[in-house]
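> Next up is a structure, given as structure tokens.
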Amino acid sequence: MQQRADYLVIGSGIAGLSFALKVAAKHKVFLVTKANEDESNTKYAQGGIAAVWNDADSIEKHVEDTLNAGAGLCDEKIVRKVVTEGTQRVKELIELGAKFDKAQNGEYDLAKEGGHSEHRILHYKDVTGNEIERALISQIHKHPNITVLDHHFAIDIITQHHLGVEVNSKTPGIECYGAYVLNTRSYKIETVLAKITVMATGGAGHVYATTTNPKIATGDGIAMVYRAKGHVKDMEFVQFHPTSLYNPVEHPSFLITEAIRGFGAVLKTLDGKEFMQKYDKRGSLAPRDIVARAIDNEIKIRGDDHVYLDCRHLDRKGFIEHFPNIYNKCMGLGIDPFLKMIPVVPAAHYLCGGIIVDENSRSTINNLYAIGECACTGLHGANRLASNSLLEACVFAHIAAEHSSSSIDKIKFKDNIPDWDAEGTEQAEEMILITQSQKEVQQIMSNYVGIVRSELRLQRAFDRLEILFKENEALYEKTVVTPKLCELRNIICIGYLIIKHARQRKESVGLHYMVHYKE
């Protein structure tokens, strides 16, 4: 079965939804998402979206904060582009119906997070992402040119390879013609052709055993592009959020937003002592890479399972108004934040690297754009500044929409695309082969390729992952495609890329911290 649309957008977070709305006025759009249409990393973003909003702030301050957090590896031209255009993109979200909290004087209640020199975070309680997702999906439903294909899993993008042409990463002019997509209700694989394909698949937190990301975050888009010989970079820069709720029986981990530390909460060891001043003069409001490493170090040298976030001194009424979701979560676990400290531990949160794109969001594969967390734009460098991710997604969705719209009418559909070939495959005999391998990948990555790394750990991780790769590829060749099988294939690919890039970078910088590097 073949379907056609001018645009194929894979992913339904803020990047994919924003892009779809911008191009749908003149073009037919298919929006593919592997779960419910609102299930994305965006939905779980608590803190907010950073933008220069008043005279107390400035473009230069936001640029400087971003460059400092990125540890010298940001592309300053891109940083300036995002920060300069960001305010207008946030205003567009508001026009589309997104609500952000206001103070009693009617002005927006701007929060401050780690690494920011000013209050510039627009937020809605502690469920900002959910509010943005709600507003965008409401507009998507109203648009006659947008068809949402939920519960559709993109397996691979279609290139010349599927026409029998041999391609590799150095082949000039690799082209994308659409994607093979598994309908997870009918279990039929559909050929979805498009003039332009947009990868907006989000992050890859579930490469690790402990993550704040929803279960869908398995790096599918990056893995698809890499298999198609597209270029990726900076995969070693995995941001661990310093403060996820320590609750070992819960997966994924519940995020305790950084905005709470901006509100005045303080990190402490289990004996009630502050420790962040030992690591950075900004204390609990230092950038995430510094705070996560500090917590990791305290846990290891003390032999503890977690640290505490102390909110007991904060204004109860203000706390509950700003962070109702977190307050209710803690109370549901018997933790009154004003009587007990909240146990927290770092968890995999955000991938700063990804699909290489240019300033117009074009990947190295023709007619394929990438936006949002799966793309590597140059904004984040070695470490993302808090609340810059939603901003980046909005800005590059707009840029990609404008650029692609100027050329799409010159592109023709590819007519001779073969349907998916499932000949010789059989149903999986034992699901344990897939589920156990997934756990092994996550344990390997968490134990050997986490916040602090060494050459020995990276070598061991690489060797273990190579075995799992060979086993899973053999299984994939003979087994009927399922989402679980594809997700395992994708997290193995992402794990390999993280390890490969970590081994290539012979320095500790930002989120990539090595011990005892041998020259």
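The values are calculated or read from the model by the stated rules, or taken from the named source; none is laboratory data. Fair warning: this is a prediction, and the values are worked out from it, not measured in the lab. Here Cβ is always computed from backbone atoms with ideal geometry, including for glycine, and neighbour counts include all displayed protein chains. Protein only, heavy atoms only, side chains kept; ligands, DNA and RNA dropped before computing areas. Shrake-Rupley method; radii C 1.70, N 1.55, O 1.52, S 1.80 Å.
> Between a residue in the stretch 327-347 that is more than 18 Å from His251 (Cβ to Cβ) and any residue that is hydroxyl-bearing (Ser, Thr, Tyr), which pairs come within a Cβ distance under 7 Å, given they are 6 or more apart or on different chains?
Pro337/Tyr327; Met341/Tyr308; Ile342/Tyr308
> Among what's in the stretch 201-233 and is open to solvent by 10 Å² or more (accessible area, probe 1.4 Å) and either assigned to a strand (DSSP E or B) or under 14 Å from His152 (Cα atoms) (or both), pick the residue that is modelled with the lowest pLDDT.
Filtering first and then ranking leaves Ile216.
> Next question, about the same structure. Out of the residues in the stretch 95-121 that are out of contact with any Ser or Thr (no Cβ under 9 Å at 6 or more places or on another chain) and not in a loop (DSSP other than H, G, I, E, B), which is surrounded by the most Cβ atoms within 10 Å (Cβ to Cβ)?
Tyr108
> Can you tell me which residues in the stretch 122-141 are part of a loop (DSSP other than H, G, I, E, B) and open to solvent by 50 Å² or more (accessible area, probe 1.4 Å)?
Matches in the stretch 122-141: Tyr124, Lys125.
> I'm told Asp65 meets every condition in (1) in a helix (DSSP H, G or I); (2) acidic (Asp, Glu); (3) surrounded by fewer than 20 Cβ atoms within 10 Å (Cβ to Cβ) except one. Can you identify the failing condition by its number?
Among (1) in a helix (DSSP H, G or I); (2) acidic (Asp, Glu); (3) surrounded by fewer than 20 Cβ atoms within 10 Å (Cβ to Cβ), Asp65 violates only (3).
> Between a first residue in the stretch 365-391 that is closer than 14 Å to Gly86 by Cβ and a second residue that is among the basic types (Lys, Arg) and modelled with pLDDT of 95 or more, which pairs have beta carbons less than 8 Å apart while being 6 or more apart in sequence or on different chains?
As it stands, the answer is Leu391/Arg89, since those pairs meet every condition given.
> Pairs please, first residue from the stretch 53-64 and under 15 Å from Leu385 (Cβ atoms), second anywhere and of a type in the set (Lys, Arg) and open to solvent by less than 60 Å² (accessible area, probe 1.4 Å), Cβ atoms under 6 Å, 6+ apart in sequence or on different chains.
Hits for this filter: Asp57/Arg120.
> Tell me yes or no: at least one residue of the stretch 300-315 is assigned to a strand (DSSP E or B), among the charged types (D, E, K, R) and surrounded by 18 or more Cβ atoms within 10 Å (Cβ to Cβ).
Yes, that holds for at least one residue.
> Would it be correct to say that Ser363 is among the hydroxyl-bearing types (Ser, Thr, Tyr) and surrounded by fewer than 19 Cβ atoms within 10 Å (Cβ to Cβ)? Talk me through it step by step, then tell me what you get.
Numbers: among the hydroxyl-bearing types (Ser, Thr, Tyr): yes; surrounded by fewer than 19 Cβ atoms within 10 Å (Cβ to Cβ): no.
Considered against the rule, which asks whether it is among the hydroxyl-bearing types (Ser, Thr, Tyr) and surrounded by fewer than 19 Cβ atoms within 10 Å (Cβ to Cβ), Ser363 comes out as no.
> If you don't mind, there's one more thing I want to ask. Does Glu373 satisfy being assigned to a helix (DSSP H, G or I), among the charged types (D, E, K, R) and touching a Lys or Arg at 6+ places or on another chain (Cβ under 8 Å)?
So Glu373 does not fit the description; no.
> Out of all the residues in the stretch 380-437, which are closer than 30 Å to Leu255 by Cα, more than 24 Å from the chain's Cα centre (by Cα) and among the β-branched types (Val, Ile, Thr)?
Result: Ile432, single match.
> Another question, then. Residues of the stretch 35-62 being modelled with pLDDT under 95, assigned to a loop (DSSP other than H, G, I, E, B) and in contact with a helix residue (DSSP H, G or I) (Cβ under 8 Å, 6 or more places away or on another chain), which ones?
Glu37, Asp38, Ser40, Asn41, Ala45, Gln46, Gly47, Gly48
> Moving on. Failed condition for His403, given (1) without any contact (Cβ under 8 Å) to a residue 60 or more places away in the chain; (2) surrounded by 12 or more Cβ atoms within 10 Å (Cβ to Cβ); (3) in contact with a strand residue (DSSP E or B) (Cβ under 9 Å, 6 or more places away or on another chain); (4) farther than 30 Å from Val29 by Cβ, with all others met?
(4)
> Here's something else I'd like to know. Could you please let me know if Lys26 is part of a loop (DSSP other than H, G, I, E, B) and open to solvent by 40 Å² or more (accessible area, probe 1.4 Å)? Step through it out loud before you land on a result.
Values: part of a loop (DSSP other than H, G, I, E, B): yes; open to solvent by 40 Å² or more (accessible area, probe 1.4 Å): yes.
In short, yes.
> When the residues of the stretch 488-509 are narrowed to those that are open to solvent by less than 10 Å² (accessible area, probe 1.4 Å) and small (Gly, Ala, Ser), which ends up nearest to Cys374 (Cα to Cα)?
Ranking the qualifying residues of the stretch 488-509, first place goes to Gly495.
> Select from the stretch 417-441 the residues that are over 30 Å from Leu163 (Cα atoms) and charged (D, E, K, R) and write down the one among them that is least open to solvent (accessible area, probe 1.4 Å).
Filtering first and then ranking leaves Glu440.
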